[in-house]
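See structure below.
What follows is calculated from the coordinates using simple rules that are stated; it is not laboratory data. Model, not experiment: these values are computed from the prediction. FYI the Cβ positions are ideal-geometry reconstructions off the backbone, even for glycines, and counts take in every protein chain you see.
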Amino acid sequence: MDDKKSYLKIGFSPELEGNNRLIYRALEIFPGALAWATLLGMVAASYFLPVWAAFFIIIFDLYWLIKTIFLSLHLRANAKRMKENISADWSERLSRLRWEHLWHLVILPMSREHLAVVEGTIRAILKSPWPKERMILVLSYEERYREHGEKIAEKIKADFGEKFPNFLITMHPEGIEGEISGKGANESWAAREAKKIFIDPKNIPYEDILVSSFDVDTQIYPKYFEVLAWNFLTAKNPVQSSYQPVPVYNNNIWDAPALSRVMATSGTFWQMMQQERPERLTTFSSHSMSFKTLTALDFWQTNMVSEDSRIFWNSLLYYDGAYTSVPLSYPVSMDANLAPTFWGTVKNVYRQQRRWAWGVENFPYVVFGFLKNSALGGSAFGEKKIPLRTKLYYIFNMVEGYWSWPTNAILIFALGWLPIILGGREFNNLVLAYNLPAITRLIMTFAMVGLVTSAIISMQLLPPRPPHYGKRRHAYMVLQWILVPFTIIVFGSIPALDAQTRLMLGKYMGFWITPKHRKN
């Protein structure tokens, strides 16, 4: 690993040698070690230094209250912005620009999804007013599910093939050296096939192509491609930017149980809040970017799990920090987690959250990349290295984020009583011990006011209620938010701690595909 091109494709520390391997391994250990040190440190402090622990808990709860208010304001702002963007006349906006040279490459990597899931995605694309002759649509199934994939592909080709002039169905081969089975390997194969079969023969300039990699359950809102094109054409540096919509998990939201609905909507809300903080926004799940940048990077990484966010960090390192993610503040609709049984859904929600939390694998990659950038210097477009300020900014945000995820909910809801339980008789005789539960309860009550905002916005995002559900179902959609204190620990902190512990111990995860299930 002696040059920039090589370290851009690092998956895990075993791929390195010598000091590089030791440095990368230490960075893999750091997030999990920090989380466990925080939690175990609070237990120790509650026993040995209960007064200090109590003051820390109060200060931390106040910090959480301020943070909740801050994020709630961002959520409300983005909800308003997204509503305006949904109703805006994007055709009229686009008509003021020269856009006829743009192409959309849409990649749909598929595994074992039901025909109805794939059909719904393609029908949504078909409803878009974007000219289909300036669109390349690729459906890529996996060789390991060949029988299922061929059956679905034949049906899709028969129903939609004539409606898309540039429609490609391809099979991602199994067992390619250096790949792990997952979305990154499949979508990279699909993009290369589109390049070989359509793009290069037509001599389409790479900088004129916007590629959208969608999970196969992603149903776009009608104006998505126009919104994407407008943002691309008005971006400060369109080629060196990714474009991130808001994932709204409402395809099957009425059928999903309350636990799944809360987690799905919470995921949407987090993405909405990040859209109001574009300096922190990275790519997630379904996203879009310039084909020129994608080919320069040799497509998505195929040797790790979180390829959706990794492509942003690949780009940031490749362009020496001169890369950004543009918030579209426009939704795409996806599936909430749903299995045939309730306990199956619970299990799948946990595994999905753990896979998302496995994005912590990006921390050692980014910090190691920053170190290599300083050592190597130079770039694809000059000699400028990533500024130290930029490096420190991203490192701080990553450390804060990956520390908060596994620890904060536990600190708030589980550790507030520890000084009283472990502090001994001397501490419990203090006025501070008597008032600690009341103080923390009061602060958390104010913090929970943010749930009212969440309930209101979640109702605004709902699709029409299916006729087989009564009006009572609306009430359940509001009352579900009382589950947050439970879900934020069981499906938030614990799977994040699980993922970071696995990385810390070198127990690397493979790609787990979230099963897509629809009732009826």
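Figures for the structure shown
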| quantity | calculated |
| --- | --- |
| P(r) of segment 302-445 over all Cα-Cα pairs, binned every 10 Å from zero, in whole percent | 9, 24, 24, 20, 16, 7, 1 |
| Cα centroid separation, segment 89-168 to segment 196-267 (Å) | 12 |
| Residues 141, 7, 350, 330, sorted so that the one with the fewest Cβ neighbours within 10 Å comes first | 350, 7, 330, 141 |
| Dipole magnitude of the chain, debye to nearest 20 (Cβ charges: Lys/Arg +1, Asp/Glu -1, about Cα centre) | 1140 |
| Overall form of segment 187-250 per C-alpha gyration tensor (a/c, 1.5; a/b vs b/c) | oblate |
| Loop trypsin sites (Lys or Arg not before Pro), segment 49-146 (other Cβ atoms within 10 Å of the site Cβ: 12 or fewer; DSSP) | 96, 98 |
| Reduced Cα scattering model of segment 399-501, Debye log10 I(q)/I(0), q = 0.10, 0.13, 0.16, 0.17 Å⁻¹ | -0.45, -0.69, -0.90, -0.96 |
| Rough spin-label spacing in nm, given labels placed 7 Å along Cα→Cβ, for residue 159 and residue 441 | 5.5 |
| Other-chain or far-sequence residues with amide H under 5 Å of residue 325's (modelled H) | 242 |
| DSSP beta bridges in the chain [antiparallel fraction, %, rounded to 5] | 25 |
| Qualifying trypsin sites (Lys or Arg not before Pro) in segment 457-512, DSSP loop, other Cβ atoms within 10 Å at most 10 | 471, 507 |
| Rounded to whole Hz, the Karplus (6.51, -1.76, 1.60) HN-Hα couplings of segment 419-431, x for glycine and proline | x, 6, 6, 9, x, x, 5, 4, 5, 5, 7, 7, 4 |
| Packing-based exposure ordering (other Cβ within 10 Å, fewest first) of 228, 16, 479 | 479, 16, 228 |
| Projected-area average for the chain over all orientations - Cα convex hull basis, square nanometres | 25.6 |
| Residue-by-residue Karplus 3J(HN,Hα) for segment 316-331, coefficients 6.51, -1.76, 1.60, Hz, glycine and proline x | 4, 6, 4, 9, 6, x, 8, 8, 9, 10, 8, x, 7, 6, 9, x |
| Radius ratio Rg over Rh of segment 93-353, counting only Cα atoms, Kirkwood formula for Rh | 0.94 |
| DSSP beta bridges in segment 93-353 [antiparallel fraction, %, rounded to 5] | 25 |
| Sequence-distant residues sharing a close amide H with residue 215 (under 5 Å, placed H) | 286 |
| Exposure proxy ranking, count of Cβ atoms within 10 Å, fewest first, for 426, 193, 361 | 426, 193, 361 |
| Taking all pairs of distinct alpha-carbon atoms in segment 38-99, Kirkwood radius in angstrom | 15.7 |
